[in-house]
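Encoded as structure tokens, the structure appears first; notes follow it.
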Amino acid sequence: MVRRELPKHQRDLIVERYQSGEGYKRISKALHIPWNTVKIVIVKWRKYGTTETLPRTGRPSKMYEKTRRKLVREASKRPTATLKELQEFLVSTGCVLHVTTISRILHMNGLWGRVARWKPFLTMKNIQARLKFANTNIKFPKSTWENVLWSDETKVELFGHNSKRYVWRKNNTAHHPKNTIPTVKHGGGSIMLWGCFFFSWNRGLSQGGGNDEQFQIPGNFGTKPSGIR
């Protein structure tokens, strides 16, 4: 939709009728011009004393405010959407913009392209179990945590690497579920590495033999502290 400027003679006519005592609605009905347009013309005339088109500070925006809100809402709803996909979305609404313009508009609204965090894929059951564990143990004394063995494993790809995925997000929202990439422990062409640490010592990485091999705590830790859980 192209925005058209009201001709000067119509603006002058609006001001003349206003000066004769007619109200906004009566002028709008008589001239078949939207009430809001009549109001804008009169407010401008009262402020600047003219109906002439005043110099602008720059080129008028190619996007309406309503379309801008649609773009921001779509990028927030689909944070993994690329600029090309957002461009196609705008085309479907009747607005054609370059991807650079789309990126600039998103930046102005606090949305930036950032590399998505990789987080373990958790079901609702997993989430509830972890939350229950955290709430139960939140008041554990330091001495209790000193008797816990902390361990983790990671997958290293032998050929290539996991490609980066970018998301549109605002500051301090990196770990929101919709801004992360779920990961699972399966796939070929990779090795699994396992490591652990304790309060007073740590263990180097141990390599697993394949996807089906279960990691065991190595027996060459030396003297294992008592009370390990």
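The values are calculated or read from the model by the stated rules, or taken from the named source; none is laboratory data. Nothing here was measured: the structure is a model prediction, and the numbers come from that model. Every residue, glycine among them, receives a Cβ derived from its backbone with ideal geometry; neighbour counts consider all protein chains shown. Accessible surface areas use protein heavy atoms only, side chains included; no ligands, DNA or RNA. Shrake-Rupley method; radii C 1.70, N 1.55, O 1.52, S 1.80 Å.
Key figures for this structure:
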read-out	value
Index of the failed condition, L71 passing every other in (1) in contact with a Pro (Cβ under 7 Å, 6 or more places away or on another chain); (2) closer than 24 Å to H176 by Cβ; (3) surrounded by 15 or more Cβ atoms within 10 Å (Cβ to Cβ)	(1)
Pick from the stretch 95-132, criterion in contact with a strand residue (DSSP E or B) (Cβ under 9 Å, 6 or more places away or on another chain) and among the basic types (K, R), ranking: farthest from R68 (Cα to Cα)	K119
Qualifying residue in the stretch 187-195 (condition: open to solvent by 60 Å² or more (accessible area, probe 1.4 Å), of a type outside the set (A, V, I, L, M, F, W, C), under 38 Å from the mean Cα position of the chain (by Cα) and at pLDDT 75 or above)	no
Hits in the stretch 135-151 - residues which are under 22 Å from G195 (Cα atoms) and either under 36 Å from the mean Cα position of the chain (by Cα) or assigned to a helix (DSSP H, G or I) (or both)	T144, W145, W150, S151
Conditions (1) more than 30 Å from T67 (Cα to Cα); (2) open to solvent by 80 Å² or more (accessible area, probe 1.4 Å); (3) polar (S, T, N, Q): number failed by S92	(1)
Subset of the stretch 28-41 [more than 15 Å from P7 (Cβ to Cβ) and over 41 Å from the mean Cα position of the chain (by Cα)]	S28, K29, A30
Matching residues, the stretch 76-89, being in a loop (DSSP other than H, G, I, E, B) and open to solvent by 80 Å² or more (accessible area, probe 1.4 Å)	R78
Unique match (being outside any helix (DSSP H, G or I) and either open to solvent by 80 Å² or more (accessible area, probe 1.4 Å) or among the hydrophobic types (A, V, I, L, M, F, W, C) (or both)) among E5, E22	E5
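Here is a yes/no grid of residues against (1) at pLDDT 90 or above; (2) outside any loop (DSSP other than H, G, I, E, B); (3) open to solvent by less than 80 Å² (accessible area, probe 1.4 Å):
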residue	(1), (2), (3)
S28	yes, yes, yes
T51	no, no, yes
P55	no, no, no
I105	yes, yes, yes
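Conditions (1) among the polar types (S, T, N, Q); (2) in the same structural domain as I181 (by the TED database); (3) closer than 30 Å to I191 by Cα; (4) free of Cβ contacts under 8 Å to residues at least 60 places away in the same chain, marked per residue:
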| residue | (1), (2), (3), (4) |
| --- | --- |
| K70 | no, no, no, yes |
| R73 | no, no, no, yes |
| K77 | no, no, no, yes |
| Q87 | yes, no, no, yes |
| L90 | no, no, no, yes |
| C95 | no, no, no, yes |
| M124 | no, yes, yes, yes |
| F133 | no, yes, no, yes |
| V148 | no, yes, yes, no |
